[in-house]
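**Q** One structure, as structure tokens, below. Some questions next.
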Amino acid sequence: MAEELDPFKIAQKQLDEAAEIMKLDKQAHAILREPQQTVVVNVPAKMRNGETKTFTGFRVLYNNARGPGKGGIRFHPQESLETVKALSAWMTWKCSLANIQFGGAKGGIICDPKKFSPAELENLSRSYIRCISKFIGPETDIPAPDVYTTPQIMSWMMDEYSRIKEHNVYGVITGKPLEVWGSEGRNDSTALGGMFVLREAAKLKKINLKKATIAVQGFGNAGHFAFSLASQLFGSKIVAITDSQGGVYSEKGLDLAKLDEAKKRTGSVDGYKGAQEVSNDELLELDVDILIPAAIENQIHKGNADKVKPKILLELANGPVTPEADRILAQNGIFDLPDFLVNSGGVIGSYFEWVQNQQGYYWTREEFDQKLDTIITKSFRDVMATQKEYSDKGRKINPRMAAYIIAVSRVAAAMKTRGWY
Ligand code: GLU
């Protein structure tokens with residue numbers, strides 16, 4: 001039978017497994033299997049030839065028992081309601097595990113942003129906000145950047161929402177540029193959070209990061225900063241990187257400035273001179289100490305999981321490992337750290353931005369980084385402790401299940417005390 005790759009079915013399956021292990025109340029389980037609210041909108045946008053084109057957009061609020069909905073907006077040609085639903089569920093678990101005052105949500109538009117002029121991108125972004133303005137707000141649901149959306153797009157969106165409300169509402173969206181009260185540190189907080197998790201994981205596994213080799217899949221915000229931070233903070237050697245077009249490998253280690261230059265010149269990192277070409281699939285199977293998937297879902301699946309053998313698998317992307325691959329990796333003893341722990345630095349940074357916007361009082365970069373470190377290091381330790389607790393009871397679980405158990409039990413407890421079941 002073909003492997004299940006519908007992201008929402010995968011998210012439900014993961015929840016079902018956690019529910020069974022933690023003996024979750026049936027009523028709570030039923031509530032948590034589906035989003036609370038699904039919004040589908042038709043988004044008209046004026047194109048450069050003067051014609052109006054219509055795009056399909058989504059905004060899904062998965063659960064708000066612990067706080068307003070929170071989660072990014074993706075502009076992607078293969079976007080689908082099922083993907084957005086899955087990502088909104090993962091946002092719920094991510095915010096709960098980090099123990100920040102947010103529920104989970106996600107949005108997206110089916111489009112190919114690479115084909116748009118800046119004006120087209122702005123028109124589409126503003127139109128989307130007009131379509132969903134009833135459903136978002138600093139106390140209800142707060143969007144942010146994700147795949148192919150940027151601080152500039154967040155700024156247009158905040159501006160459009162503020163025009164509708166007839167006053168500035170900075171806290172409606174996070175990941176904004178600093179000029180409109182984004183936060184110091186938010187831009188690279190996904191990758192920085194991942195590095196704090198990597199530091200703790202390496203300590204636990206007694207891996208010397210200074211001598212470690214790293215492969216990164218993806219050259220977007222997360223992958224790019226993961227590259228620079230791993231070399232800056234730990235002195236690790238990044239030997240391979242790919243983007244959606246292709247990639248490069250060099251035993252000696254790659255140079256970030258040269259990668260940026262290659263990307264600018266040819267549109268892909270594979271224009272890098274003096275390194276071997278490597279495909280996305282090949283990168284995942286390289287013999288490296290640390291593998292960092294930092295692109296999109298379903299990259300490690302039944303077909304290649306057996307060949308994925310890093311000492312630490314650091315899931316910086318959302319949903320890079322399918323459930324069948326998850327089982328294979330566990331059988332092979334791979335130390336696989338789950339997405340909603342590893343990449344939670346992004347939304348923790350968003351939480352800091354939102355808190356600052358609500359107060360109108362701003363922190364230094366040092367405060368931001370230090371608070372991020374405290375929160376994410378605690379999450380990592382909570383996950384390890386829960387894994388050990390279950391193993392002591394005779395039930396072996398992987399870090400993903402331990403993270404699920406913590407996250408789901410907090411949401412269920414909030415729903416219970418609010419009287420939802
Ligand atoms: N898009 C990021 C994520 O998947 C950040 C979301 C946010 O900051 O709201 O975690």
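The values are calculated or read from the model by the stated rules, or taken from the named source; none is laboratory data. Note that the coordinates shown come from a computational prediction; the quantities given were computed from them, not determined experimentally. All Cβ positions, even for glycine, are placed from backbone atoms using ideal geometry, and neighbour counts span all protein chains on display.
**Q** Within segment 39-59, can one find any residue that is within 16 Å of the ligand (Cβ to nearest atom), under 30 Å from Thr374 (Cα atoms) and crowded, with 16+ Cβ neighbours inside 10 Å?
**A** no
**Q** Out of curiosity, is Pro320 closer than 18 Å to Ala240 by Cα, over 19 Å from the mean Cα position of the chain (by Cα) and not small (Gly, Ala, Ser)? Spell out the reasoning first.
**A** Values: closer than 18 Å to Ala240 by Cα: yes; over 19 Å from the mean Cα position of the chain (by Cα): no; not small (Gly, Ala, Ser): yes.
Judged against the criteria, Pro320 is not a match.
**Q** In segment 51-80, what residues are aromatic (Phe, Trp, Tyr) and more than 20 Å from Ser127 (Cα to Cα)?
**A** Looking only at segment 51-80, we keep the residues that are aromatic (Phe, Trp, Tyr), and these are 55, 58, 62, 75.
Hit for segment 51-80 is Tyr62, nothing else.
**Q** Identify all residues within segment 358-387 that are over 20 Å from Trp93 (Cα atoms) and over 22 Å from the mean Cα position of the chain (by Cα); write none if there are none.
**A** Matches in segment 358-387: Gln358, Gln359, Gly360, Tyr361, Tyr362, Trp363, Thr364, Glu366, Glu367.
**Q** Give me a count of the residues in segment 225-237 that are surrounded by fewer than 24 Cβ atoms within 10 Å (Cβ to Cβ) and under 14 Å from the mean Cα position of the chain (by Cα).
**A** Qualifying residue count for the region: 1.
**Q** Are any of the residues in segment 145-152 on the phi > 0 side of the Ramachandran plot, modelled with pLDDT of 95 or more and assigned to a loop (DSSP other than H, G, I, E, B)?
**A** First, the residues of segment 145-152 that are on the phi > 0 side of the Ramachandran plot: 148.
Narrowing further to those that are modelled with pLDDT of 95 or more: none.
Within segment 145-152 (the criterion being on the phi > 0 side of the Ramachandran plot, modelled with pLDDT of 95 or more and assigned to a loop (DSSP other than H, G, I, E, B)), the answer is no, since none of the residues qualifies.
**Q** Does any residue of segment 104-119 turn out to be within 30 Å of Pro399 (Cβ to Cβ), surrounded by 23 or more Cβ atoms within 10 Å (Cβ to Cβ) and among the β-branched types (Val, Ile, Thr)? Spell out how you get there, then give the answer.
**A** Initial filter on segment 104-119 (within 30 Å of Pro399 (Cβ to Cβ)): 104-108.
From what is left, the residues that are surrounded by 23 or more Cβ atoms within 10 Å (Cβ to Cβ) are 104-108.
Now narrow it down to the ones that are among the β-branched types (Val, Ile, Thr): none.
For segment 104-119, residues within 30 Å of Pro399 (Cβ to Cβ), surrounded by 23 or more Cβ atoms within 10 Å (Cβ to Cβ) and among the β-branched types (Val, Ile, Thr): absent.
**Q** Of all residues in segment 315-340 being in a helix (DSSP H, G or I) and within 11 Å of the ligand (Cβ to nearest atom), which is farthest from Asp289 (Cα to Cα)? Give the steps one after another, and end with the answer.
**A** Looking only at segment 315-340, we keep the residues that are in a helix (DSSP H, G or I), and these are 323-331, 339-340.
Subset that is within 11 Å of the ligand (Cβ to nearest atom): 339-340.
Working: Asp339: 18, Phe340: 21 Å.
This residue is Phe340.
**Q** Looking only at helices (runs of 4 or more DSSP H) that fall completely inside segment 197-299, which ones have 2 or more residues that are closer than 27 Å to Asp6 by Cβ? Spell out how you get there, then give the answer.
**A** Working: elements: 221-229, 256-266, 280-284.
Result: 221-229, 280-284.
**Q** I need the full set of residues from segment 364-395 which are under 25 Å from Glu353 (Cα atoms), hydroxyl-bearing (Ser, Thr, Tyr) and buried (at least 16 other Cβ atoms within 10 Å of the Cβ), in order please. Break it down stepwise before answering.
**A** Narrowing segment 364-395 to residues under 25 Å from Glu353 (Cα atoms): 364-382.
Still in the running and hydroxyl-bearing (Ser, Thr, Tyr): 364, 374, 377, 379.
Once the filter is applied, which keeps residues that are under 25 Å from Glu353 (Cα atoms), hydroxyl-bearing (Ser, Thr, Tyr) and buried (at least 16 other Cβ atoms within 10 Å of the Cβ), segment 364-395 yields only Ser379.
**Q** Here is a follow-up. When the residues of segment 120-145 are filtered to those that are farther than 14 Å from Met157 by Cβ and within 16 Å of the ligand (Cβ to nearest atom), which remaining residue is surrounded by the most Cβ atoms within 10 Å (Cβ to Cβ)?
**A** Start the filter on segment 120-145 by keeping residues that are farther than 14 Å from Met157 by Cβ, which leaves 120, 134, 139-140.
Those still in the list that are within 16 Å of the ligand (Cβ to nearest atom) too: 139-140.
Numbers: Glu139: 12, Thr140: 15.
Per the criteria, the residue is Thr140.
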